[in-house]
Every structure is written in C-alpha cells, then in structure tokens.
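Working notes, structure below.
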C-alpha cells in the first residue's frame, strides 16, 4: 500500500508541474496526435471499403462456384448450372420460374473523368432475373438490356466516375460496339456496376461456362438444405456459400493491402513520435534531477518513481490520442476515395478510435521506459551536493 501511495503522490506531483514543462509536453502531444490521426484515417479506408462491399449483401442469396476456386477462376458448366436450378430451397418469381442468375465476368477498361486515367473494372454478364433477385436495383433512366443484343446498363457511379456511360453511348468490347441503354442505382453502392446479357457476352468471348451462379432462396434458413443437396450430388463439382461469406472471402486480399499500408505508415510515424517523446521525457527527467534526488532522500523509493514516470508518459499520450481520433473523424469520416478503382467512403468508427488510444498508450509506455528507469536511478547524493 505504501508503494501505491508513493506512486500516486509522485504522479500528482508530476502532473502539477506540467505547466512548467509546456514545450516538452507540447512536443509529445503533437507527435501522438499526428500519429493517431494518420493511423485512424488510414484504417478508416479498410473499414469503409468493407462496409461498402457488404452494403448490398442479402442473407437469402447463395453463390455457387466450382469447388476450390476463387473469383474469376471459377467455372460452372451449362449442364451444372441447369442442375442447380432443380435443387430445393430456391425461390420462384412471378412467372413461377426459379430465381437464379447465371453470371459471366470479364474485365474491361474505363477512363476516369477529368484525368483520363485508365482503370479496369468488371463487366458482368447476368440473367434478366437480376431485377427480381435484387429488388434494391432501381432504374433511374433508360431501360433494362434485352437478351441477345449488345446492350449495357450501368450504375450511376459509372456515369460520375468514368467517361462513355451516357445513355446511347457506344463502348467497344472485344471489337464489338455495345450501347448503354439504362442507368440504375443499387442501394447505397458507390461501385461502378456494368451489366449485360450473359449469353451474349459469352458468345462474344467464345466462352461455354459461367463464372458463377447466384440463387435467391425462399429464406435464409433454406441455405443449409440447398448446400447439402448441391454438394451431395456426385455429378456436381460445385460448392455453395452465403453471399456474405463469398464477399468476405473475395475482399480479404484488398483489405489486407489497405490494413498493411495503414499499419506500415502508422508504425513509421509511431517510431518518430516515440523517439520525440523519449527525448522530451529525458529532458524533463534531467531538469528534475535535484527534485527526484530530494524525493529519494526523504524516503521515496525508486520503484514508485519509475511507475509514476511511466504513468505520466502514458497520460501525456492520452489527450493526443483523443485529439487525433477526433480530427480523423472531423476531416476524413465520409470522404469518398477510389484507390485501385474501387470507390467507397472512409468510415471512422468507435472501435478505430479505441484502437488509436491503445496505440498511443503503447507509444507512451515504450517511450517512457528508459526515461523512467533513469529517473528511478537518480542518486541521492545529487540532492546532498545541491544542499
């Protein structure tokens, strides 16, 4: 208990003297604020991209792909796709036909408005049932594409982001002119989505297999029965995933890149800020050597001095952490960005703010170790010589 009382008394004494050490305190505050602000802002990219990716995910949609493949590597033959339509648990439309979408995906090139920068994004061949499977898909201009024709429909973010998506515009794909006949919104998605008839797209690209098959179930509870029937059929080399799981899996690579960049830059800034904090704390300890020696002489132990100095270092980092997280939210929350052609809004969440505070406290702890050790080893003779 004596140890704790001494530590608290020393910490109170340290904090009361902060105004006399305003320069050193300000150096620590600025360094931590900048580090946490940058870290939280960059991590907000991953959070925003993840939220965008899952924004229109439906719990009653199942994605069927060839077993053990990912993304564009998947291949579902026409015979397999036809068999999928007969499996249990699939919802039916107003025409009593199964709500199933056959998709074929190719990559096309676009030019960003204003800059002309070349960006690649997917052209998705799909079935005309897509509007029944995705009721959040609402046309704002034009109409749906007609099967068998070289027609495209594009989401409104395509028009805002890229050139050549106005109604009636012609886009060359594989040497063929395709006409943009409709614009639509799909929930709150900021992604450029371009759709066309799957069979027409496969004919142009000489394909005979779909990339994947999407199925709308009667209810989310029917997924397990659907998957069991699919994967239990020895003639099918397919697997089914909930749409949420499929999107999460496909998003992992992009998320890893964003998080690596955030932590890499954050770590570099943290090293710089921590070194600055170490220098500032060293200067504080050196300026208080006589005071610390006097405290040792009147009975304060070196342990409480070390603990009080470490606590002071961490407490000095706390305001910077809170300020950095607040600035990240004020200046970057909701900002629209498009790295690698993928559009989303930065999202600063409470969990990111907590992470920023923890990061700052870790900086304070590491930065205070050596100065605290030095403070605890100030010899008593320093006070006696001063006397």
*Which fully enclosed helices (runs of 4 or more DSSP H) of the stretch 1-95 have 3 or more residues being surrounded by 22 or more Cβ atoms within 10 Å (Cβ to Cβ)?*
22-53
*Pairs only if they're at least six apart or on different chains, beta carbon under 7 angstrom, first in the stretch 10-38 and at pLDDT below 80, second not in a helix (DSSP H, G or I); list them, first residue then second.*
10/300
*asked:* I need every pair where a residue in the stretch 172-186 that is farther than 18 Å from residue 198 by Cβ has its Cβ under 7 Å from the Cβ of a residue that is part of a loop (DSSP other than H, G, I, E, B), sequence separation at least 6 or different chains.
replied: 177/150; 183/167
*Out of (1) crowded, with 19+ Cβ neighbours inside 10 Å; (2) out of contact with any strand residue (DSSP E or B) (no Cβ under 6 Å at 6 or more places or on another chain); (3) under 23 Å from residue 205 (Cα atoms), the odd one out for residue 172 is which?*
(1)
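Residues checked against (1) farther than 25 Å from residue 49 by Cβ; (2) outside the structural domain of residue 97 (by TED's automatic domain parsing):
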residue: 152; (1), (2): yes, no
residue: 172; (1), (2): yes, no
residue: 192; (1), (2): no, no
residue: 196; (1), (2): yes, no
residue: 229; (1), (2): yes, no
residue: 256; (1), (2): no, yes
*Give me the pairs: first residue in the stretch 298-325 and surrounded by 19 or more Cβ atoms within 10 Å (Cβ to Cβ), second residue modelled with pLDDT under 85 and outside any helix (DSSP H, G or I), beta-carbon distance under 7 Å, and six or more apart or on different chains, which are they?*
none
*Would you pick out the residues in the stretch 118-142 that are within 23 Å of residue 163 (Cβ to Cβ) and surrounded by 12 or more Cβ atoms within 10 Å (Cβ to Cβ)?*
119, 121, 122, 123, 124, 125, 139, 141, 142
*Checking residue 245 against (1) surrounded by fewer than 16 Cβ atoms within 10 Å (Cβ to Cβ); (2) in contact with a strand residue (DSSP E or B) (Cβ under 9 Å, 6 or more places away or on another chain); (3) in the same structural domain as residue 109 (by TED's automatic domain parsing), which single condition isn't satisfied?*
(3)
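The values are calculated or read from the model by the stated rules, or taken from the named source; none is laboratory data. The structure displayed is predicted, hence computed values, not measured ones. Positions of Cβ are generated from backbone atoms using ideal geometry, with glycine treated the same way; all protein chains shown enter the neighbour counts.
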